[in-house]
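Undergrad: First, the structure itself, so that you have it in front of you.
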Amino acid sequence: MKFYSKNSDQEYFSEFWAPQKNFLEDEGGELLTTDEANMHPFDDLIVKGSKGITETDAMKPRLSEDYHYFCIPYELGEEIKDSLEPETIITNLINDNLETPIFIASTDASFGCFAKCQYINEDIIWNFASPHLNTPFLIFNEKKEVFALIDYDLPLQIIGYQHSIVDKHNYIANQVGQSGWDTVFDRYASYINMPHLFDEYYRFLLPKEVVKALESMVIAPPNRPNQ
């Protein structure tokens, strides 16, 4: 898979991204070139025609329907309960289920940001936030039996798993954070693109009551480029 565009990694190896690259190396990670990144395909996680493949104007990637999904309706850094944040859930589920190396990858072919890590933590997740406000990242390994899709802008963090998943902290068993669906449209009422993004890209993942709420709305066309 040649996903990333030629030279789309240049700014990440420049002084512009040097602090993030240095932090990653301090954590035992490594930033890969586009040639190296393209040797670790993830096209079976997303649908052909998604952002960065052929449908370059797509705002979000379209996920494969061949997985089970646990979706967290909160932004990164937002408290779910008792100081628990989505990135803590993602970190624990990824580290408990994925053999190393673990990859974290931009889903936009024009942003060739792709790293190899020995583990994931909250700081590593946030290390990729700039300049990727509108660019979700995949976290996966070569087996791709369990993966995460994180979004620095949208209140939707996603864990996908093919068969079973190790859930030591009972996040999935106890449906942690799922009550957030009841308030997601109120909490993010100012986010005018959210109904469109939910409906267009993630509809099949959403609880029935959220789909019903979307069907009752007049959903405005997306506001580009700022969401």
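The values are calculated or read from the model by the stated rules, or taken from the named source; none is laboratory data. These figures come from a predicted structure and were not determined experimentally. Here the Cβ is made from the backbone with ideal geometry for all residues, glycine too, and neighbour counts use every protein chain on show. Side chains are part of the model used for accessible areas, which takes the heavy atoms of the whole protein and leaves out ligands, DNA and RNA. Shrake-Rupley method; radii C 1.70, N 1.55, O 1.52, S 1.80 Å.
Undergrad: For region 82-144 and region 1-19, what is the separation of their Cα centres, given in Å?
TA: Taking the Cα centre of each part, region 82-144 and region 1-19 sit 17 Å apart.
Undergrad: So what is the diffusion coefficient of the chain in µm² per second by Stokes-Einstein at 20 °C and 1.002 mPa s, using a Kirkwood Rh over Cα pairs? It would help to have the intermediate numbers written out before the result.
TA: Values: Rh = 18.0 Å.
Answer from the Stokes-Einstein relation: 119 µm²/s.
Undergrad: Evaluate the relative contact order of the chain (contact order divided by residue number), counting alpha-carbon pairs under 8 angstrom at least 6 apart; express in whole percent.
TA: Reported as a whole number, the value is 22 percent.
Undergrad: I need the peptides 146-152, 110-116, 12-18 ranked by packing, meaning the mean over residues of other C-beta atoms within 10 angstrom, with the highest value on top.
TA: 146-152, 110-116, 12-18
Undergrad: Determine the distance separating the Cα centre of region 150-220 from the Cα centre of region 57-75; give it in Å without decimals.
TA: First find each Cα centre; the distance between them is then 9 Å.
Undergrad: Leaving out ligands, DNA and RNA, what percent of the accessible area of the chain is carbon and sulfur, probe 1.4 Å?
TA: Using a 1.4 Å probe with all protein chains present, the chain comes out at 47 percent carbon and sulfur.
Undergrad: Give me a comma-separated list of calculated 3J(HN,Hα) values for region 7-17, in order, Karplus coefficients 6.51, -1.76, 1.60 applied at θ = phi - 60°, integers in Hz, x for any Gly or Pro.
TA: Each residue of region 7-17 in turn: 6, 6, 9, 4, 5, 6, 9, 9, 5, 3, 10 Hz.
Undergrad: Using θ = phi - 60° and the Karplus curve 6.51 cos²θ - 1.76 cosθ + 1.60, what whole-Hz ³J(HN,Hα) does each residue of region 169-175 get, with Gly and Pro shown as x?
TA: 9, 6, 4, 7, 4, 9, 6
Undergrad: Please work out the average accessible area per residue across region 9-159, using the 1.4 Å probe convention, and give it in Å².
TA: 38 Å²
Undergrad: Can you compute the helix-only [θ] at 222 nm over the chain? Use -39500 (n - 2.57) per DSSP H run of at least 4 residues, normalise by all residues, nearest 500 deg cm²/dmol.
TA: The helix contribution divided over the chain gives -5500 deg cm²/dmol.
Undergrad: Can I ask one more? On a straight-distance basis, which lysines could pair with Lys21 in a cross-link, Cα separation under 21 angstrom, same-chain partners fewer than 8 positions away excluded?
TA: Lys6, Lys116
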